[in-house]
Amino acid sequence: MKCHHCNKQATVHLTQILNGQMHKMDLCESCAQAKGVTNPENLSIGSLMENVPDSTGEAASPMTCESCGTTHNEFKKGGRLGCEACYHVFRPVLDPLLDGMHAGIKHLGKIPAGSKVRVQFEQSLSQLQSKLQDSIEQEDYEEAARIRDQLKDLEKKAKTKV
């Protein structure tokens, strides 16, 4: 896992439960010491996020959600978004945060990675993608279109179950 601030290997892993919601942050040793993580008093993810650089380059005009009015500074201070639209407004800030905290920025659902259901789904997806590639290489475009539609249906079903 990468450090939330500098992309070095994270060795300090923080978990904070605030108002029933769990927040996690991973830091390298030097960033943890610089942020005072070795002293757990008055430590919150919100306070750590205040030091996250604004990757949007919009220092003069900070981002604000038009739906709920949440500002970039409020998000950095509290570590919370105000509404669903905030996820789109703050995407330039969220993507690097999520990428540093998690294995990626795409939510894959709550089915455990090694579970039988997930393995079967991934195998069928892989088989269809392989068949699609074979059909394209053989210039059987009708079959390729049929397989493409099967892939779309499978992905749509997976999204509705998540």
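Derivation of every value follows stated rules applied to the coordinates shown; laboratory data play no part. Quick caveat, the model's predicted, so the values are computed rather than measured. Reconstructed Cβ throughout: ideal geometry from the backbone, glycine too, with neighbour counts over all protein chains shown.
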(message) I need the phi-derived Karplus couplings for region 144-154: 6.51 cos²θ - 1.76 cosθ + 1.60, θ = phi - 60°, integer Hz, Gly and Pro marked x.
(response) 4, 5, 5, 5, 4, 5, 4, 4, 4, 4, 5
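With the cut-off at 25 Å, tell me which of the pairs LYS2/LYS157; LYS2/LYS156; LYS35/LYS76; LYS2/LYS152; LYS2/LYS131; LYS35/LYS77 have Cα atoms farther apart than that. Please list the in-between numbers first.
Values: LYS2/LYS157 32 Å; LYS2/LYS156 31 Å; LYS35/LYS76 15 Å; LYS2/LYS152 33 Å; LYS2/LYS131 36 Å; LYS35/LYS77 15 Å.
As for pairs spanning more than 25 Å Cα to Cα, those are LYS2/LYS157; LYS2/LYS156; LYS2/LYS152; LYS2/LYS131.
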(message) Just to check I understand the Karplus step: with θ = phi - 60° and J = 6.51 cos²θ - 1.76 cosθ + 1.60, what whole-Hz values come out for region 24-34, glycine and proline as x?
(response) 10, 8, 10, 9, 7, 4, 5, 5, 4, 5, 5
(request) Obtain the nm distance between the two label points defined at GLU29 and ARG146 by a simple spin-label model: each point lies 7 Å from its Cα along the Cα-to-C-beta direction. (result) 6.0 nm
(message) For MET25, MET1, which order do you get if you count the other beta carbons within 10 Å of each Cβ and list the fewest first?
(response) MET1, MET25
(request) Quote to one decimal, in nm, the extra length available between HIS88 and GLN16 on full extension: 0.36 nm per residue of separation minus the C-alpha distance between them. (result) 23.4 nm
(request) Run the quick spin-label model on LEU154 and CYS6: label points 7 Å from Cα toward the beta carbon, then report their separation in nm to one decimal. (result) 4.4 nm
(message) Could you derive backbone 3J(HN,Hα) for region 117-122 from the dihedral phi with the Karplus parameters 6.51, -1.76 and 1.60 (θ = phi - 60°), listing whole Hz in sequence and x where the residue is Gly or Pro?
(response) 4, 5, 4, 4, 4, 5
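Sorting check: for 132-141, 75-84, which peptide has the highest mean count of neighbouring beta carbons within 10 Å, and how do the rest follow?
The densest-packed peptide leads the list: 75-84, 132-141.
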